[in-house]
Every structure is written in C-alpha cells, then in structure tokens.
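Laboratory data are not the source of any read-out in this text; all were calculated from the coordinates shown. Note that this is a predicted model, so its numbers are computed, not measured. Using ideal geometry, Cβ is built from the backbone for each residue, glycine included, and neighbour counts are taken over all protein chains shown.
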Amino acid sequence: MHGCADELEELLATLGVTKDDRIVFVGDLIARGPDSRRVLRIARELGALAVRGNHEHRMLVAYGALTRRERGPRLGPAHQRLLSELTEEDWAQLEALPLSLEFPEHQVRVVHAGVVPGVPFEEQQPWTLLHVRSLTALGAASDRYAPVSWAERYVGPPHVVFGHNAQAGLQLFPFATGLDTGCVYGGALTALVLERAQVPPPPSERRDVLVSVPARQRYVDYGPRPARAS
Ligand SMILES: [Mn+2]
C-alpha cells in the first residue's frame, strides 16, 4: 500500500467489497507514499487483517526507542515525519500486526516478504519474513534484488502470498504469488481475489483472480537498487 489511499479506495470500489468479504493486506501499509494514516484508517474501518511489513517493523522499533527515551534507528525525513504523525490508535494497530497469517481453507499463508524454501515455517527467522527477496548461492535469505526470487524455488504447500518486491513486479509461481506491483512508484495496486475455500489457481490461470488499478501518479522515484552484477 505504502500510503496509496486513493488507489486503495478505487480498488475496493472496483472489487465491490462488502462486509462479507475478508480483506488481507500483505504489509507495508505505511511510508513512502501520500497518506499512510488514511490507509490505516481504511484498514480499521474494513476490519481488515494485515501482516507486518519491514516499514511497520522499522517504525515500531523507532517508536519503542522514542517512548523509552533511547536512541532509535536512523530514519529518513519521511519516516521521521510519520513517527510524529501517527496517533496512539495507529500505533496500537501496527503493534497488533502479526508476522504471518494462515488461511487453511485457501491453503494460503500470508507474509510480507517471503520464506527460505525447505526450512519448516516454525524455523523461519523474523528477518526473513520481513525482508527476503532472493537467496544466496548457499540458499540463505537475502534482501538483494537478484534476478531469481526465493519464490521460484519454493515448492509449498502452503501457497505463500506476499508483497515487498516491487522491482520483480507480479510474481506468479506454482506455490507463491507476489502482489507488489509498485503503486507508489507509479505502477499499480493489485489484489488476489479468492472465493470461499478457493485455492489459488495454477500460474497460467492466476491472472484470472487478480484485479489491479493503476497508480494515479508516481509518488516517489524508484527506490530499490538494481541487482548487482556478480
Ligand atoms: Mn517491504
């Protein structure tokens, strides 16, 4: 989401969301974009579920340090502004975000970034769930923008639905769906829409259950570093 509240409202209207629908965000509701607080408010009003993203995590670490009068992580100007803007209600909402959510009826697990393939879920490191994009040559978690995503090596089950990797764009693998289509960078905001008890269809049919709305503008320049040649 990254604060893209207008696009979120448009996507919800396009989907015709009702109170019978269950809405799940894949994390990073806040930061970078135009209106983080409105995204949080919309999520509250919807009674939506969400997992914690690396940006929520970083802001919570900074907020914890602030309230204990300790030195926190060094924040850029936008994150610093957010630190002073968020209300107690907002912070409580962020603090309640889990690292993962399970939806057995869809055979789906939701995390912000991903998992290391072959490692039991209980043994995954919180850092991995919040940051992983690729794997090192030895198969360890890395946040590098490498050409091959962790998701390409992941064989499930369950199916993992995630965000975090705008540079890779839509990622459609047999047991993983990456939904970050870079709205805040002028891309699009994308939802995976499953009927009750529906499992994600195979990659060749997965686009049939995706709905996107285009970004209204490019809110920030593309942040991620290009993958290093090695
Ligand atoms: Mn992220």
Using only Cα atoms, figure out Rg for region 39-92 and give it as a multiple of 2.2 N^0.38 Å. 1.19
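Quantify how much of the Cα-Cα distance distribution of region 129-229 extends past 23 Å, in percent.
29
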Which longest uninterrupted range of the chain lacks any trypsin sites (Lys or Arg not before Pro) assigned by DSSP to a loop state (not H, G, I, E or B) and surrounded by at most 10 other Cβ atoms within 10 Å? 75-195
Treat every Asp and Glu Cβ in region 104-163 as -1 and every Lys and Arg Cβ as +1, leave all other atoms uncharged, and give the resulting dipole magnitude about the Cα centre to the nearest 20 debye. 180
When only DSSP loop residues count, what GluC sites (Glu not before Pro) in region 62-137 have their Cβ near at most 11 other Cβ atoms within 10 Å? E70
Sort out for me the Cα centre separation of region 1-16 from region 33-74, rounded to whole Å. 19
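How large is the convex hull of the Cα atoms of the chain per residue, expressed in Å³ as a whole number?
132
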Using square roots of five times the C-alpha gyration tensor eigenvalues, list the equivalent-ellipsoid semi-axes of region 83-185 in whole Å, biggest first. 24, 17, 14
Per the rule of 0.36 nm per residue minus the C-alpha distance, extending E70 to W127 adds in nm 18.3 nm
For region 1-123, how big is Rg over Rh, using alpha carbon atoms and the Kirkwood form of Rh? 0.99
